[in-house]
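Asker: What follows is a single structure, and I will ask about it in a moment.
The values are calculated or read from the model by the stated rules, or taken from the named source; none is laboratory data. Note that this is a predicted model, so its numbers are computed, not measured. Glycine also receives a Cβ, built like all others from the backbone with ideal geometry; neighbour counts cover every protein chain displayed.
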């Protein structure tokens, strides 16, 4: 969350001028990122949203010469794994991303958990996203579901 509404660029100017460290804006909407960049009130960006949206926004950050990171929510392992891939291919995504779902859930519903060591994780290299749904865990945490062929 940002300390003030993203549309309050004057407030961002005041914060930016008052603090001795980089100021980030957390956005899903590329237009909001552009407003902050054009106003010169952000030094880095945190992007959430869809995987395609993240790539578009990361390209905007790259064009502006700004670093970014991939934000997340309290997501499951499959989505966190997809986020890892998205962050790995975005040249401007040089800041530590926050893939925290596996730390906050009883089970992330993938067979092999995402392994973090000293703040890093490797980009999964197995076919597809590089993870497999844990059907046993799914059965334990599901009320009902439909399996598609």
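Asker: If you take the residues of region 95-149 that are under 26 Å from residue 1 (Cα atoms) and over 18 Å from the mean Cα position of the chain (by Cα), which of them is modelled with the lowest pLDDT?
Answerer: Among those that are under 26 Å from residue 1 (Cα atoms) and over 18 Å from the mean Cα position of the chain (by Cα), it is 106.
Asker: Right, another one. Here is a list: 33, 18, 61. Which entry is at pLDDT 95 or above, more than 13 Å from the chain's Cα centre (by Cα) and surrounded by 21 or more Cβ atoms within 10 Å (Cβ to Cβ)?
Answerer: When all the criteria are applied, what remains is 61.
Asker: Looking for something without any contact (Cβ under 8 Å) to a residue 24 or more places away in the chain and either farther than 30 Å from residue 142 by Cβ or assigned to a loop (DSSP other than H, G, I, E, B) (or both) - is there at least one such residue anywhere in region 59-82?
Answerer: There is at least one residue in region 59-82 that is without any contact (Cβ under 8 Å) to a residue 24 or more places away in the chain and either farther than 30 Å from residue 142 by Cβ or assigned to a loop (DSSP other than H, G, I, E, B) (or both).
Asker: Let me ask another. Return the residues of region 36-58 that are crowded, with 20+ Cβ neighbours inside 10 Å, assigned to a helix (DSSP H, G or I) and under 10 Å from the mean Cα position of the chain (by Cα); say none if nothing qualifies.
Answerer: Correct list: 54 only.
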